Amino acid sequence: MNNILHLLPEEHLGASVARLHHLAAVGALEHTMRRLGASKHRFRPHRLFDEDDFSLSLLYESNGASDVWHQHAMGSYATVFLKKDEHIQVDEARLRGGPLLNVFGKHAVLPCCWRWCVSCAEEDEVEFGTTYYHRDHQLPGVFHCDKHHMALTDGCQECGFTVELLMHQNVPPVDNLCPHCGKWMGAFDRYFSEEMAKVESRSLALARHPQAIGYYEDYIRRIRGRAGLNPTPINNVSERKRLTSWLDDLGSYFPPDMLAAYFQNINVSQSNRASNFLRNPRLFDPNTPRPPLHPLVHILTEIFVQQDSCISEREFTERCHE
Ligand SMILES: [Zn+2]
Ligand SMILES: [Zn+2]
């Protein structure tokens, strides 16, 4: 299999094994996974820190690819809001094995199923002789293909089929017909607002930027400045009052429909569960011992503080590239 061990443009690292299996292997997908050194065949489309992603990256890199974890998995997205010592811990885990970082909120964030763009699938089939799952299409907060400006497909509206496991659909179907009922699978057609479009473009920018050590410290300075807090926490009564008021504003800023699109098991009347993520000390306290928080929650906070400021999308993207 080594002679076909190459990633396609913007291909999702974990899903590449399912594509290789589809093209060249027989038997069960889990056997192909094991052959390539991956231990899990059941995994979410946006796992953040995972030893399978680290070992698959090294495997492709030994075959000539470069910077695989950042370019084909969630490396940049997962690490951008880490403290400097956590960056070191991740590098250790990637290169020599070691404890993986736990990310608060990772089980609550959507999507749970694999998604694709119908136009990308058609073009990929023509250009590469196969369809495949793209990394950017699996990002939380992203609902459209950035290349074709089309809504992503996440299953069949007719019978409810979704790709929760890659064994159910190794690659997106060329004809886009549902493998269960044979009907055309339509694209995402639910609540989507201007604010969600901002989350989408920021999520893509973060996933595509090169590794940004120091971004979190810069983020904390900006957030504290916008909330009217001292750069270094002083924990007196007036600062606590200011913080409480700012957190209340943050928690009530996003409409329940929007939060329900991002977090699991939240219906419109239960959006306060998502609001709990928006009170996590990682959002504003540089000294908190809490584990890293899911990047999506930081992105929502950045959108909130920029609502009436003049930071443009271009400046934001540039900051990501610093
Ligand atoms: Zn597309
Ligand atoms: Zn169907």
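Could you please tell me which pairs satisfy a Cβ distance under 8 Å, a separation of 6+ or placement on different chains, a first residue in the range 136-157 that is over 20 Å from residue 206 (Cα atoms), and a second residue that is in a loop (DSSP other than H, G, I, E, B) and within 10 Å of ligand 1 (Cβ to nearest atom)?
Sorted first by the residue in the range 136-157, then by its partner, the pairs are 150/117; 153/117.
Of everything in the range 18-42 that's surrounded by fewer than 13 Cβ atoms within 10 Å (Cβ to Cβ) and either hydroxyl-bearing (Ser, Thr, Tyr) or in contact (Cβ under 8 Å) with a residue 60 or more places away in the chain (or both), which residue is nearest to residue 142 (Cα to Cα)?
42
Just checking, how many residues over the range 108-158 are within 22 Å of residue 299 (Cβ to Cβ) and over 21 Å from the mean Cα position of the chain (by Cα)?
The qualifying residues number 0.
Would you point out the residue of the range 173-182, among those that are within 16 Å of residue 116 (Cα to Cα) and part of a loop (DSSP other than H, G, I, E, B), that is farthest from ligand 2 (Cβ to nearest atom)?
Looking at residues that are within 16 Å of residue 116 (Cα to Cα) and part of a loop (DSSP other than H, G, I, E, B), I get 174.
Which of the helices (runs of 4 or more DSSP H) contained wholly in the range 49-165 include at least 2 residues that are of a type in the set (A, V, I, L, M, F, W, C)? First the steps, then the outcome.
Numbers: elements: 51-61, 68-72, 75-79, 84-96, 118-128.
Filter on the range 49-165 gives 51-61, 68-72, 84-96, 118-128.
With within 19 Å of the chain's Cα centre (by Cα), surrounded by fewer than 16 Cβ atoms within 10 Å (Cβ to Cβ) and not acidic (Asp, Glu) as the only criterion, which of 45, 9 stands out?
Values: 45 fails: surrounded by fewer than 16 Cβ atoms within 10 Å (Cβ to Cβ).
Being within 19 Å of the chain's Cα centre (by Cα), surrounded by fewer than 16 Cβ atoms within 10 Å (Cβ to Cβ) and not acidic (Asp, Glu) holds for just one of 45, 9, which is 9.
Please determine, by comparing only the residues of the range 175-189 that are within 15 Å of ligand 1 (Cβ to nearest atom) and at pLDDT 95 or above, which one is nearest to residue 21 (Cα to Cα).
Going through the qualifying residues, I end up with 176.
Of the residues 230, 235, 287, only one is out of contact with any His (no Cβ under 9 Å at 6 or more places or on another chain), at pLDDT below 90 and surrounded by fewer than 17 Cβ atoms within 10 Å (Cβ to Cβ); which? Full working, then the answer.
Details: 230 fails: at pLDDT below 90; 287 fails: at pLDDT below 90.
Result of the check over 230, 235, 287: 235.
Does residue 204 count as away from ligand 1 (no atom under 16 Å from the Cβ), surrounded by 18 or more Cβ atoms within 10 Å (Cβ to Cβ) and not acidic (Asp, Glu)? First the steps, then the outcome.
On the way: away from ligand 1 (no atom under 16 Å from the Cβ): no; surrounded by 18 or more Cβ atoms within 10 Å (Cβ to Cβ): yes; not acidic (Asp, Glu): yes.
Spelling it out, it is not the case that residue 204 is away from ligand 1 (no atom under 16 Å from the Cβ), surrounded by 18 or more Cβ atoms within 10 Å (Cβ to Cβ) and not acidic (Asp, Glu).
Considering each residue of the range 98-125, count those that are more than 13 Å from ligand 1 (Cβ to nearest atom) and out of contact with any Leu (no Cβ under 8 Å at 6 or more places or on another chain), and give that number.
Qualifying residue count, the range 98-125: 10.
Rundown of residues vs (1) in contact with a helix residue (DSSP H, G or I) (Cβ under 8 Å, 6 or more places away or on another chain); (2) free of Cβ contacts under 8 Å to residues at least 12 places away in the same chain, yes/no style:
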{"site": "96", "(1), (2)": "no, yes"}
{"site": "99", "(1), (2)": "yes, yes"}
{"site": "106", "(1), (2)": "no, no"}
{"site": "109", "(1), (2)": "yes, no"}
{"site": "113", "(1), (2)": "no, no"}
{"site": "118", "(1), (2)": "no, no"}
{"site": "121", "(1), (2)": "no, no"}
{"site": "125", "(1), (2)": "no, no"}
{"site": "131", "(1), (2)": "yes, no"}
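Can we say residue 166 is away from ligand 1 (no atom under 16 Å from the Cβ), in contact (Cβ under 8 Å) with a residue 24 or more places away in the chain and not polar (S, T, N, Q)?
Details: away from ligand 1 (no atom under 16 Å from the Cβ): yes; in contact (Cβ under 8 Å) with a residue 24 or more places away in the chain: yes; not polar (S, T, N, Q): yes.
Considered against the rule, which asks whether it is away from ligand 1 (no atom under 16 Å from the Cβ), in contact (Cβ under 8 Å) with a residue 24 or more places away in the chain and not polar (S, T, N, Q), residue 166 comes out as yes.
The values are calculated or read from the model by the stated rules, or taken from the named source; none is laboratory data. This is a predicted model, so every value here is computed, not measured. Glycine gets a Cβ as well: all are built from the backbone with ideal geometry, and neighbour counts include every protein chain shown.
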